[in-house]
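This report refers to the structure that appears directly beneath it.
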Amino acid sequence: MWPHTFAFPALALARLLITACTVHLCLLLVVHPMSMSGAFPAPSPKLPTVRGRPASVAVARARPTTPSLMSKPTAHIRFENSLRRLVLSSSHHSSSHRQRVFSLINQDPNSAFDLSLDCSAVTSALDELGDDPSAISATGIPPNQCQGVERSIRRAMQRIASEFRFRRPITLHVSMFIPCEDVTVNDEEQCSELNLLAEASITQRLPVRHLDDDQVYMYPTALLKQLDFDGLDKVEWPEYDVVMQINAKRNWWFGPDDAQGAGTDMPEGMRDLELTCMHEILHMSYGDDLSMTYQPNDKLEVVTPYYESAASDPLPIELEGTLAYNDGANFFRFSRPSIWDRFTRVTDTATAIRDYSANLTRVVDRLITTGAIQPRPVASASAMAAGLLQPGAYDPGSVFDALMGDSEGQRLISELYQLGTTSGAVVFDPTAWPPSAATGVPQTRGSSSRPGAADPPVSPMETGISPFTPGSSVSHFGMPTPGDTDVNSAPLNSSAEFLMFWRAGSISLDRLIRESGAPASGIGPATKAAMVAMGFTPAEAYGWNERRAWARLELDDGRDANAGEEIDIEMFGELTSSPASGLPLAPRFVCGLGFLSLLFQLLL
């Protein structure tokens with residue numbers, strides 16, 4: 001009996017010691033969260049920077065495909081001056097921050113996002129000024145900026161994690177940049193970049209075939225990670241799903257815990273960084289239009305889909321110095337529609353916007369067949385082997401000239417422009433797909449899609465801006481007063497969807513939530529419905545949003561992830577999903593590294 005009677009207190013003592021150590025460790029993490037690995041992890045050596053901005057994001061290369069105008073597509077795009085898609089920060093969080101935002105957090109944001117923050121551009125620039133307080137003060141950059149940025153990003157992620165569940169973490173990278181590479185410049189006439197708030201970019205999209213219409217749609221990896229397709233275990237995910245850059249020279253408000261003191265509202269003239277970060281993060285899929293957002297020439301009233309400048313799928317992203325095959329100088333074909341494009345349609349006729357892309361692809365195919373569009377000379381074998389050039393490329397200028405000279409082609413691209421500049425002409429319909437429950441598989445289980453509930457709202461997109469503005473037009477919800485650029489006559493606080501408007505005034509996120517009646521997260525019901533329609537799972541769902549019954553992932557070698565066999569990719573009506581990653585035909589389209597960020601105008 002002696003050994004047995006001793007075993008119980010010994011076991012209890014061991015459990016007590018383990019519990020005490022666990023509690024002590026948790027207290028250390030809460031009280032000293034920065035002591036584990038630092039508040040600001042060093043930027044990944046795989047992500048080089050240009051002018052203090054991330055220059056590129058490494059993505060998995062696809063195996064070579066037979067390149068031609070009709071070859072498989074890729075996906076990447078970029079827009080300048082944006083408030084669109086995303087951010088990164090360190091991997092730690094503060095429970096006090098979480099509780100202060102609102103009481104209900106359904107998912108730890110650090111299990112939803114894998115983040116990193118790079119402030120090296122700012123710190124290096126300030127270091128060059130030495131210890132001169134007046135010189136540092138003249139920059140307008142507060143000494144605690146990086147800490148404030150981290151807090152704002154963390155709160156933005158917490159709000160998003162309260163509305164959605166995530167199967168796999170989304171990888172994000174955020175860096176601060178110096179406008180015009182000059183920390184001392186404060187004149188907007190000298191540096192137009194001063195008006196840029198932030199920009200975010202999807203790094204990669206992958207093809208998914210929908211079974212109901214047999215079409216291929218391009219899915220951003222941030223969304224694809226949340227779905228249930230077979231073959232996802234074979235995907236070589238990019239290092240970062242989204243990269244974001246924040247203007248270090250903006251007069252940022254870092255929330256109630258900023259220098260002004262807890263409980264105070266944002267002073268006039270400042271911009272709420274938490275709101276900006278939420279907008280950008282949601283652009284990881286929201287507003288990812290590929291079918292009617294490219295202007296080959298902003299002097300002409302025409303709009304086209306994006307086009308692929310490389311023949312591989314997915315499109316490789318490299319440094320600017322090695323972008324010969326991804327610089328917009330070659331046209332391989334128009335991009336296939338994105339998953340976002342599956343839900344956009346003309347208000348009056350119910351015509352899907354992606355139908356214009358399909359028809360334009362047919363026109364280009366006809367013009368190539370008849371010789372109206374001539375291919376470039378075949379590249380040398382050594383150049384093709386190096387991946388710099390591939391056969392089947394066409395000169396983009398020649399393609400767009402041929403479209404303008406063709407009656408059907410000109411009609412289509414002119415109609416797209418008119419749709420993009422006519423208030424209320426285009427809507428996002430979250431009920432467009434998947435098919436009805438006749439398939440026997442339930443749709444999403446969010447509060448707006450439970451059995452017997454009303455359908456989620458059909459929302460007008462921003463088509464009231466004239467002239468057409470790439471990155472703003474079509475890719476955001478319509479302002480309360482269509483096309484109005486004056487925030488005073490079209491108040492942001494009159495709509496719960498203020499978060500995804502194309503302009504932001506000097507109003508704090510908390511105030512907008514109070515005055516608009518939006519949910520505590522700040523994410524309006526139409527915004528949430530759009531994300532859920534594409535495949536994200538609402539936080540209140542009983543299970544996961546499922547799409548396996550309606551679509552299949554296609555691997556980069558043309559094999560269906562389910563069937564494992566070669567698939568004949570038919571081009572008509574599918575369209576590729578990669579933009580002109582950089583052809584500077586229109587001054588508003590800022591060319592760059594083959595990925596897209598959307599425009600978010602700053603209200604001065």
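Take peptides 139-147, 356-364 and line them up by average Cβ neighbours within 10 Å, highest first, as a rough protection proxy.
Final packing ranking: 356-364, 139-147.
Using R₀ = 56 Å, calculate the FRET efficiency as 1/(1 + (r/R₀)^6) where r is the Cβ-Cβ separation of residue 137 and residue 212; round to 0.05.
Working: r = 60 Å, r/R0 = 1.08.
FRET efficiency, residue 137 to residue 212: 0.40.
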Going by C-beta contacts inside 10 Å, put 513, 413 in order with the fewest on the left. 513, 413
Using Cβ contacts closer than 10 Å as the measure, can you line up 201, 494 from fewest to most? 494, 201
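Report the full-extension gain for the segment residue 190 to residue 268: residue separation times 0.36 nm, less the Cα-Cα distance, to one decimal in nm.
On the way: separation 78, 0.36 × 78 = 28.08 nm, distance 2.44 nm.
Value of the extension gain: 25.6 nm.
With r defined as the distance between the Cβ atoms of residue 418 and residue 230 and R0 fixed at 45 Å, what FRET efficiency is calculated, to the nearest 0.05? Write out the running numbers ahead of the final one.
On the way: r = 42 Å, r/R0 = 0.93.
Calculated transfer efficiency: 0.60.
Between residue 299 and residue 548, what is 0.36 nm times their sequence separation minus the Cα-Cα distance? Round to one decimal in nm.
Working: separation 249, 0.36 × 249 = 89.64 nm, distance 4.42 nm.
That works out to 85.2 nm of additional length.
Bear in mind that the values in this text are calculations on the coordinates, not laboratory data. Model, not experiment: these values are computed from the prediction. Neighbour counts are summed over all protein chains in view; Cβ atoms, including those assigned to glycine, are modelled from backbone coordinates with ideal geometry.
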